[in-house]
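Asker: Here it is, the structure, as structure tokens.
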Amino acid sequence: MIAFQAIAPIAAEAQQRRRLPLVRDAEVENLLRDYAAPILRAAGLGNTQLEIILVNDLSYNAFVVDSRRMFMNVGVITDAKTPNEVIGVIAHEVGHIAGNHLVRLRQAAANAQIMAVIGTILGAGAIVAGASSGAGGLGQGGGAALGLGMGMAQRSLLAYQRTEEATADRSAIKYLNATHQSPKGMLDTFKRLADQQLFAARHADPYVQSHPMARERVSMLENLAKKSKYFDKKDPPELQARHDLARAKLLAFAGSQGAVARTYGNGTSLPARYARAIVTMQRGNPRDAQRAIDGLIKAQPNNPYFWELKGQALIESGNPGASVSAFEKAVAHAPHEGLMKIWLGYALVATGNNANLNKAVSLLRAGLRQEPNSPLAYSQLAIAEARRGNPALADVATAKSMMLAGDFQTARKFAARAQKRLKRGSPEWLQADDIISYKPPNLGNR
């Protein structure tokens, strides 16, 4: 079940600066974890809990912000015809993590800033000297020095980035070889991106590119990739099948009806039917959507994500009671999925039947142990606790939901109200106290 969030779980600072439109989906996230696991082991990072966070953007981009979080636009997956293409992107980003590039990039940025400051000081000094002597030429020279300081700093930083990008490429090839996977997908991806930027790069200064020039980068990659004895190796059929379904799902949810029609036409493959079922559901045609989803379930009765989609279609068409059974099937087929438990808890709350509240609370809390950053789970937990006659617990849950949404002022208000009715020193009281005490960073004009 696709869920869209407008939060960025990087840090409170990042949330205040810009809210990323995130996508949560158990099917896609599981697939990406399976893609990443062997690469992480090959990089010596097998114990790293890398979270791959999906951004609701159809453009092609992926980046890491630290050793535990990688952001990937859904466009990386919808553009990729094979798992190998996505795995190549992951391998490249893991190369940055394993190479400790993020720490060194911060140092390079600091050095570049120092260079810019020195250039600015020198430039300002020249301007002052020119003004005091009445020599216009000196003043103009000072302006040039100011620009020189910034230009030198930029070139220094970007030269560093080009080096690290090339290093990450080589590391990615090494990881793919170590895991007996083909580097062809990575090469195909870079060739495609190079073709897209060829016109813009033709007149660009190579020193102001944040990556190596497309032609030189692809040439280096091609030389390395074609030396691999796994170059012509295909992805396992079962992995390709999972990729095709995940790609269809994202294209249907994040794309458009036209994109689905262009990609699949009148095809009868399972991915084509999956995408059309989602589009039909989104168009508000519940009867046709249920018929299409039931056809998917008939083809793969043990697929938890088809049952999840059935539950979503039912709850969105105003039938939460019927959705409970579908979500129960989804949880039964994927018992370790926190998101599935949250959706089932949500459906139980939505029935309006107070007899379902205890089970709903149990499921929502279980889901939160695996998915602690779910605003939906906290908001539904607040509703359930309020209806169970626990207003203080409802306020704590609401405060946590507001914190995740970046509304710190409202979060503190609910936390303070909860504390008045909670036993001092209890776990819930302490949670509320943490929220009240939290001070978001003052970003100013940085």
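The values are calculated or read from the model by the stated rules, or taken from the named source; none is laboratory data. Source: prediction; values computed, not measured. So basically every Cβ, Gly included, is an ideal-geometry build from the backbone, and we count neighbours across all protein chains shown. Remember, those area values only see protein heavy atoms, side chains included, never the ligands or the DNA or RNA. Shrake-Rupley method; radii C 1.70, N 1.55, O 1.52, S 1.80 Å.
Asker: Suppose all protein chains stay in the model; what accessible area per residue would a 1.4 Å probe give for the range 273-413, in Å²?
Answerer: Here the residues of the range 273-413 average 42 Å² of exposed surface.
Asker: Take the residue pairs Lys184/Lys249; Lys400/Lys423; Lys359/Lys423; Lys81/Lys341 and return only those whose Cα atoms are more than 23 Å apart.
Answerer: Among Lys184/Lys249; Lys400/Lys423; Lys359/Lys423; Lys81/Lys341, the Cα-Cα distance tops 23 Å for Lys184/Lys249; Lys359/Lys423; Lys81/Lys341.
Asker: Taking the Cα-to-Cβ direction at Asn266 and at Gln282 and moving 7 Å from each Cα, how far apart do the two end points lie in nm?
Answerer: 2.3 nm
Asker: In the calculated pair distance distribution of the range 204-314, what percentage of Cα-Cα distances lie above 20 Å?
Answerer: Of the Cα pairs, 55 percent sit more than 20 Å apart.
Asker: Could you look at the range 341-444 and say what percent of its accessible area is carbon and sulfur, using a 1.4 Å probe and all protein chains?
Answerer: Whole-percent figure for carbon plus sulfur exposure: 50.
Asker: Each label point is 7 Å from the Cα along the Cα-to-Cβ direction; what then is the distance between the points at Lys298 and His336, in nm?
Answerer: Computed distance between label sites Lys298 and His336 equals 3.3 nm.
Asker: Moving on to the next point. Quick one: which of 272-284, 403-415, 349-361 comes out on top by average Cβ neighbours within 10 Å, and what's the full order, highest first?
Answerer: Per-residue Cβ counts within 10 Å, averaged per peptide and sorted highest first, yield 272-284, 403-415, 349-361.
Asker: Can you give me the distance in nm between label points at Gln257 and Glu216, each placed 7 Å from the Cα along the Cα-to-Cβ direction?
Answerer: 4.9 nm
Asker: Between Asp434 and Ala37, what length in nm is gained on full extension when 0.36 nm per residue of separation is reduced by their alpha carbon distance?
Answerer: Here the segment from Asp434 to Ala37 would lengthen by 139.5 nm.
Asker: If I take R0 = 51 Å and measure r between the Cβ atoms of Arg387 and Lys81 in this structure, what FRET efficiency does the formula 1/(1 + (r/R0)^6) give, to the nearest 0.05?
Answerer: For Arg387 and Lys81, the calculated efficiency is 0.60.
Asker: Any aspartates and glutamates with Cα under 12 Å of the Lys234 Cα? List them, leaving off those in the same chain fewer than 8 positions away.
Answerer: Glu85
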